[in-house]
Every structure is written in structure tokens, then in C-alpha cells.
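Data block below; observations after.
The values are calculated or read from the model by the stated rules, or taken from the named source; none is laboratory data. It should be emphasised that the depicted structure is a prediction, and the values quoted were computed from it without experimental measurement. For neighbour counting, all protein chains shown are included, and Cβ atoms are generated from backbone atoms with ideal geometry for every residue, glycine included. Side chains included, ligands, DNA and RNA excluded: accessible areas come from the protein's heavy atoms. Shrake-Rupley method; radii C 1.70, N 1.55, O 1.52, S 1.80 Å.
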Amino acid sequence: TAGAALDAAWRKWQLKGETFERFLTLEKMPGGEHEWPNSRVLLADRRGLLQLACNPFLLTVLMQLPEIPKNRAQLFAGFLELLHAREHEARQKRHDEASVPSLDDWRTALVAVAETLQRADGVAGDDGARTSLPLRGLPEVLTDDMLAFSIDASVLQRTGDVVRFTHQLLQASLAAEVLLDASRSGCRPAGNFWQKGWRRSGRDVVVQIG
């Protein structure tokens with residue numbers, strides 16, 4: 001695997017008395033061992049989990065999962081499953097299990113929120129992505145109880161009458177689910193996704209799929 005190849009290269013680097021910091025930053029390995037160029041390619045791979053681990057939020061997510069995911073989709077799916085399970089357990093202890101939505105229903109509602117954000121007009125962030133919605137603009141599938149569950153699970157946050165995801169990468173990952181579902185089912189034309197609301201942020205969502 002990529003991780004095993006990098007570990008083997010690091011071991012050789014370590015034997016030369018080098019530091020891990022230099023292993024990650026220098027362009028050439030002392031002695032010019034042939035494994036090093038391949039390792040540099042692996043380190044620079046933007047699809048790889050090593051690049052994800054450079055982001056503090058995503059590194060935190062990785063460390064909480066029971067197994068290392070193979071890609072971004074598995075990373076966020078596992079993270080949402082973990083947060084759902086934690087909040088479910090917390091509510092069980094409060095004898096409030098009846099208020100817990102199923103994982104599938106919860107995920108469907110969050111995807112709907114992400115798509116609504118992608119399509120929303122109005123003021124956008126510097127990267128072109130709308131990151132908040134007024135309460136009245138939330139999709140109907142996100143009920144009041146499900147909104148409360150999402151806030152308690154640290155997936156959504158509410159400030160006054162405004163709701164947003166706790167991290168924009170969560171929003172982009174869930175919005176990517178909309179595109180993936182459309183590509184698999186063929187029930188929605190591509191033009192449906194390149195309207196005003198998607199713009200640059202739509203391209204950012206496609207990156208999440210990659």
C-alpha cells in the first residue's frame with residue numbers, strides 16, 4: 001500500500017540519522033535511493049489520505065474512526081456514523097431514545113441541507129460557497145427534532161435564526177452525494193447542477209468526489 005511504501009522509505013531515511021521533518025520537506029533523499037522519487041509522488045498525491053491529514057479537522061476525524069478510510073467519501077460517512085452513534089448513546093442515557101432519527105434519515109436530511117446551501121442565492125463566502133441558511137430556508141425534511149439532534153451531534157450549529165455546518169468540508173462532502181446520486185441514477189440532467197447557486201462552489205464539490 002501507499003502507507004507501507006512511505007514507511008519503508010522513511011525507515012531508510014531514519015537510518016541515515018535524518019529527521020521526519022526533513023523527510024517530509026526535502027526534495028532529494030541523501031544517497032539518491034530510487035525509492036525516494038516514488039515516495040515524493042505519494043506525498044504529493046492530493047487524493048491521498050496523507051494530504052487530508054494535513055488538515056487539522058480531517059486529521060481529528062481520521063483519528064476517531066476505528067479503521068482508516070480509503071477515500072474522502074468513506075471518511076465523512078464514517079465520521080457521521082460515529083457522531084450519530086455517540087449522540088444516540090447520550091440520548092439513551094437520558095432515556096430520550098425516541099428522539100433519535102435513523103442514520104439513513106438523518107443523512108438524507110443533511111444532504112438536503114447541503115444541496116439547499118449550494119443552490120442558495122445571496123451573499124457567499126470568499127470561495128463562492130454559501131455557508132449558512134436562515135431557519136425558514138431549511139428543507140422540510142430537516143424537522144425541528146432532527147435539527148436539534150444535528151446540533152447536539154456537532155454537525156450543524158445555530159446562531160440566532162441562522163444555521164450552518166460546523167465545518168465547510170462536511171457541507172461539500174454531503175453536497176457531493178447529490179452529484180454522485182444523479183450520475184448513478186441518470187434522473188437529473190447535468191444542467192440542473194450548473195445554475196447560479198453552484199458556480200465555483202459546484203466545482204469545489206466535484207473535487208470532493210475525486
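A few points about this structure:
So that you can scan it fast, the table gives a plain yes or no per residue for (1) modelled with pLDDT under 80; (2) outside any helix (DSSP H, G or I); (3) open to solvent by 70 Å² or more (accessible area, probe 1.4 Å):
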residue: LEU174; (1), (2), (3): no, no, no
residue: ARG188; (1), (2), (3): yes, yes, yes
residue: ASN192; (1), (2), (3): yes, no, no
residue: LYS196; (1), (2), (3): yes, yes, yes
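- ARG130, sole failed condition from (1) surrounded by 17 or more Cβ atoms within 10 Å (Cβ to Cβ); (2) in a helix (DSSP H, G or I): (2)
- The helices (runs of 4 or more DSSP H) located wholly in segment 34-108 that include 1 or more residues which are modelled with pLDDT of 80 or more occupy 56-64, 72-93.
- Pairs linking a residue in segment 151-162 that is acidic (Asp, Glu) to a residue that is open to solvent by less than 70 Å² (accessible area, probe 1.4 Å), with Cβ atoms under 6 Å and 6 or more positions apart or on different chains, are ASP152/GLU87; ASP161/PRO134; ASP161/LEU135.
- Residues in segment 109-121 that are assigned to a loop (DSSP other than H, G, I, E, B) and open to solvent by less than 60 Å² (accessible area, probe 1.4 Å): ALA120 only.
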